[in-house]
Ligand SMILES: CC(C)CCOP(=O)(O)OP(=O)(O)O
Ligand SMILES: [Mg+2]
Ligand SMILES: [Mg+2]
Ligand SMILES: [Mg+2]
């Protein structure tokens, strides 16, 4: 019997034309560049989960958290197959001068800001799929 799908919440944290990415050190997406985020926990709103996971992983405080889209992802790379429904959010720094910290060095190599037009490789598969599909996290009025 395959395990039930899980809900992940990932956050496009935008700063100018850049987005915050970290290289994962985890069984799923190991060594790929991914957005901050994590499992939705019982009773959380999407916004609460986004703010919690970003704080837990980067120490950053965020604001203007909005739902962008949802993606359906089946991972077969891990020892067991994992089905993740990813709720994709967008947010901005509460303090534009706050610097990201690598709060979970066992799960991430470090966080950095990357220009959307020059993203690092390899990207975490769900993010790669979005980029290949022409998705942009930027508000149209910020162009
Ligand atoms: C696999 C992923 C898309 C969903 C969970 O994200 P994650 O592995 O970063 O989980 P945590 O940050 O909650 O540990
Ligand atoms: Mg986490
Ligand atoms: Mg995470
Ligand atoms: Mg978590």
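The values are calculated or read from the model by the stated rules, or taken from the named source; none is laboratory data. Everything quoted here is computed from the prediction, not taken from an experiment. For neighbour counting, all protein chains shown are included, and Cβ atoms are generated from backbone atoms with ideal geometry for every residue, glycine included.
Out of 99, 119, 67, one residue alone is touching a helix residue (DSSP H, G or I) at 6+ places or on another chain (Cβ under 8 Å) and either over 17 Å from residue 31 (Cα atoms) or in a strand (DSSP E or B) (or both). It is 67. In the range 62-83 there is no residue matching the filter, namely being within 20 Å of residue 23 (Cβ to Cβ), within 16 Å of ligand 4 (Cβ to nearest atom) and at pLDDT 95 or above. Counting only residues that are surrounded by 10 or more Cβ atoms within 10 Å (Cβ to Cβ), on the phi < 0 side of the Ramachandran plot and more than 13 Å from the chain's Cα centre (by Cα), the range 96-113 holds 10 of them.
Does residue 92 qualify as being away from ligand 4 (no atom under 16 Å from the Cβ) and on the phi < 0 side of the Ramachandran plot? Spelling it out, residue 92 is indeed away from ligand 4 (no atom under 16 Å from the Cβ) and on the phi < 0 side of the Ramachandran plot.
The single condition among (1) away from ligand 4 (no atom under 11 Å from the Cβ); (2) farther than 20 Å from residue 14 by Cβ; (3) touching a strand residue (DSSP E or B) at 6+ places or on another chain (Cβ under 8 Å) that residue 40 does not meet is (1).
When residue 55 is tested against the conditions (1) over 16 Å from residue 28 (Cα atoms); (2) within 16 Å of ligand 4 (Cβ to nearest atom); (3) more than 14 Å from the chain's Cα centre (by Cα), the lone failure is (3).
Taking the conditions (1) in contact with a strand residue (DSSP E or B) (Cβ under 6 Å, 6 or more places away or on another chain); (2) under 22 Å from residue 15 (Cβ atoms); (3) in contact (Cβ under 8 Å) with a residue 40 or more places away in the chain in turn, residue 94 satisfies each one other than (3). Could you look through the range 40-66, keep only residues that are away from ligand 2 (no atom under 15 Å from the Cβ) and in contact (Cβ under 8 Å) with a residue 40 or more places away in the chain, and pick out the one that is surrounded by the fewest Cβ atoms within 10 Å (Cβ to Cβ)? It comes out as 47.
Any residue at all in the range 45-62 that's part of a strand (DSSP E or B), closer than 24 Å to residue 128 by Cβ and away from ligand 3 (no atom under 13 Å from the Cβ)?
Within the range 45-62, the first condition is being part of a strand (DSSP E or B), and the residues that meet it are 62.
Of the ones still in play, those that are also closer than 24 Å to residue 128 by Cβ are 62.
Applying the additional criterion that residues be away from ligand 3 (no atom under 13 Å from the Cβ) yields 62.
Yes - at least one qualifying residue is present in the range 45-62.
Residues checked against (1) without any contact (Cβ under 8 Å) to a residue 60 or more places away in the chain; (2) outside any loop (DSSP other than H, G, I, E, B):
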site	(1), (2)
1	yes, no
8	no, yes
22	no, yes
27	yes, no
38	yes, yes
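Determine if the range 28-38 includes at least one residue that is more than 16 Å from ligand 3 (Cβ to nearest atom), farther than 19 Å from residue 122 by Cα and surrounded by 14 or more Cβ atoms within 10 Å (Cβ to Cβ).
Restricting attention to the range 28-38, the residues satisfying the condition of being more than 16 Å from ligand 3 (Cβ to nearest atom) are none.
Within the range 28-38, not a single residue is more than 16 Å from ligand 3 (Cβ to nearest atom), farther than 19 Å from residue 122 by Cα and surrounded by 14 or more Cβ atoms within 10 Å (Cβ to Cβ).
Scan the range 45-64 for residues that are touching a helix residue (DSSP H, G or I) at 6+ places or on another chain (Cβ under 7 Å) and within 14 Å of ligand 1 (Cβ to nearest atom) and the total you get is 0.
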